[in-house]
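Below you'll find the structure, written out as structure tokens, and then a few comments.
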Amino acid sequence: MEQELRIGFVSIQDATDVGQWSGIPAHVLSSLRQLPVHLELYSPLNQRKKYLLTPIKLLSKVRKSSISLDHYPLMLNSYASQISAYLEKRPVDVILATSSIPVTAVACAQPIVFWTDAVFHGMFDYYDGAFASMPASAVARGKHQEEASLANCTFAVYSSEWAASNARKLTDPRKVQVIPFGASFSIEQTRSDVEQWARQRRELRPGSCELLFIGVNWERKGGAIAVETARILNESGVPTRLTVVGCEPPQPLPDYVRSLGFISKGSMEGQSLLKTLLREADFFILPTIAEAAGVVFCEASAFGLPALSYATGGVPDYVRTGINGFCLPAGTPASGFAEAIRGVLHDSKGYEALCLSAFSEYQGRLNWETSAQSLVALCRRAIEEKRTGRR
């Protein structure tokens, strides 16, 4: 009989709080708790030492630059000492972290596995905003932290092939694994439910189109492209409405666009409204120009909702053309999105088939339960490889 696996689950933020990092640590933890393993929760980690770095943070604001206090040795060593203290009191077989940061400086006999969505080296020149304003010293610290963590772990697991490919340039490629993220709220529907919803969408709105956009960053998520897509569809004779969730667009919107603002997944009311929107829309559109992973694409697939986006970052792992939507080449104009929608919208059987295929993607790959099982298997493999010294 296989011995019960003891996992030390590490998260800097409170892993029981669905409001932290899009609820990813909370959903990983919840899924692991459904499996026959013993979990020791090493979370949240104390971050009080960051107060000692306050002058550095204030100086960066004055200079209008961005830094990460977590990349400083003071914090990396603090996280390591806390994990070591947990290990002494509650020993485990393997350390599993939801970020590369807290395990960077950990020295222990147990193998270390971390699961995250990006490599720093692939982010600072990819994302705008904070990464774009980092001074050279902050970039150097970020790179050093990432490389040290890769050297210290047994397996580095990423949520997309894009992130994994960046990691393989920095470490032994055999260390690097890919396991996708899942949907960020509970899913109860069946395949027959999705089949019914797909049919109802076309029966209730023959010849028309309901688009759904969910994103907190209007510019980076491609809000303007989504609006332009709706305009083109309307002008081509396809009555279309676009619903915007998550942010307030910076410019006045045409009458075929409604903005619902931010809807919290942390409340039952918010979850219920989001599920209704996903269930009733015809397509999910998110023409993001930079994206590490795609939890929202998992949610769309869970409701049999075909998604449209750009083939950038980690998106191609979550949106597969002809399987659960359309992943268009980066830079494709709004007319390309409109054309993809028109190509399947008026083909009822083809649309229903795409919806069911999207749900199959959710059931087979894009869910936390399947990913948690893969993660546990990898943890067992890490223990074996650490024990035998082979890779």
Exercise. Among residues belonging to segment 339-391 that are β-branched (Val, Ile, Thr) and open to solvent by less than 20 Å² (accessible area, probe 1.4 Å), point out the one that is farthest from residue 321 (Cα to Cα).
Key: 376
Quiz item: Can you pull out the residues in segment 21-52 that are open to solvent by less than 60 Å² (accessible area, probe 1.4 Å) and more than 27 Å from residue 108 (Cα to Cα)?
Solution: 23
Self-check item: Cβ-Cβ under 8 Å pairs, at least 6 apart or on other chains, segment 160-182 side free of Cβ contacts under 8 Å to residues at least 40 places away in the same chain, far side open to solvent by 50 Å² or more (accessible area, probe 1.4 Å)
Solution: 164/178; 171/147; 171/151; 176/168
Quiz item: Within segment 102-139, which residues are of a type in the set (Ser, Thr, Tyr), more than 26 Å from residue 61 (Cα to Cα) and assigned to a loop (DSSP other than H, G, I, E, B)?
Solution: 104
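Within segment 263-271, is even one residue touching a strand residue (DSSP E or B) at 6+ places or on another chain (Cβ under 9 Å), at pLDDT below 95 and under 23 Å from residue 188 (Cβ atoms)?
Yes, segment 263-271 contains at least one residue that is touching a strand residue (DSSP E or B) at 6+ places or on another chain (Cβ under 9 Å), at pLDDT below 95 and under 23 Å from residue 188 (Cβ atoms).
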Practice problem: Give the residues of segment 40-70 that are out of contact with any Lys or Arg (no Cβ under 8 Å at 6 or more places or on another chain), farther than 30 Å from residue 30 by Cβ and either of a type in the set (Phe, Trp, Tyr) or in a loop (DSSP other than H, G, I, E, B) (or both), sorted by residue number. | Solution: 51, 63, 64, 65, 66
Exercise. Taking residue 97 as meeting all but one of (1) small (Gly, Ala, Ser); (2) open to solvent by less than 10 Å² (accessible area, probe 1.4 Å); (3) more than 11 Å from residue 10 (Cα to Cα), write down the number of the exception.
Key: (3)
Quiz item: Which one of these does residue 347 not meet: (1) closer than 19 Å to residue 242 by Cα; (2) over 17 Å from the mean Cα position of the chain (by Cα)?
Solution: (1)
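For residue 128, are the conditions met, namely being open to solvent by 20 Å² or more (accessible area, probe 1.4 Å), within 21 Å of residue 26 (Cβ to Cβ) and either touching a Ser or Thr at 6+ places or on another chain (Cβ under 6 Å) or modelled with pLDDT under 95 (or both)? Spell out how you get there, then give the answer.
Working: open to solvent by 20 Å² or more (accessible area, probe 1.4 Å): yes; within 21 Å of residue 26 (Cβ to Cβ): no; either touching a Ser or Thr at 6+ places or on another chain (Cβ under 6 Å) or modelled with pLDDT under 95 (or both): yes.
Spelling it out, it is not the case that residue 128 is open to solvent by 20 Å² or more (accessible area, probe 1.4 Å), within 21 Å of residue 26 (Cβ to Cβ) and either touching a Ser or Thr at 6+ places or on another chain (Cβ under 6 Å) or modelled with pLDDT under 95 (or both).
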Quiz item: Would segment 320-337 turn up any residue that is crowded, with 21+ Cβ neighbours inside 10 Å, of a type in the set (Val, Ile, Thr), modelled with pLDDT of 95 or more and in contact with a Phe, Trp or Tyr (Cβ under 8 Å, 6 or more places away or on another chain)?
Solution: no
Quiz item: Out of (1) surrounded by fewer than 18 Cβ atoms within 10 Å (Cβ to Cβ); (2) farther than 17 Å from residue 145 by Cβ; (3) more than 20 Å from the chain's Cα centre (by Cα); (4) among the hydroxyl-bearing types (Ser, Thr, Tyr), the odd one out for residue 16 is which?
Solution: (3)
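The values are calculated or read from the model by the stated rules, or taken from the named source; none is laboratory data. Note that the structure is predicted; figures quoted are calculated from it, not measured. Counting neighbours? That spans all protein chains shown, and the Cβs are built from the backbone with ideal geometry, glycine included. Note: accessible area is taken over every heavy atom of the protein model, side chains too, but ligands, DNA and RNA are not part of it. Shrake-Rupley method; radii C 1.70, N 1.55, O 1.52, S 1.80 Å.
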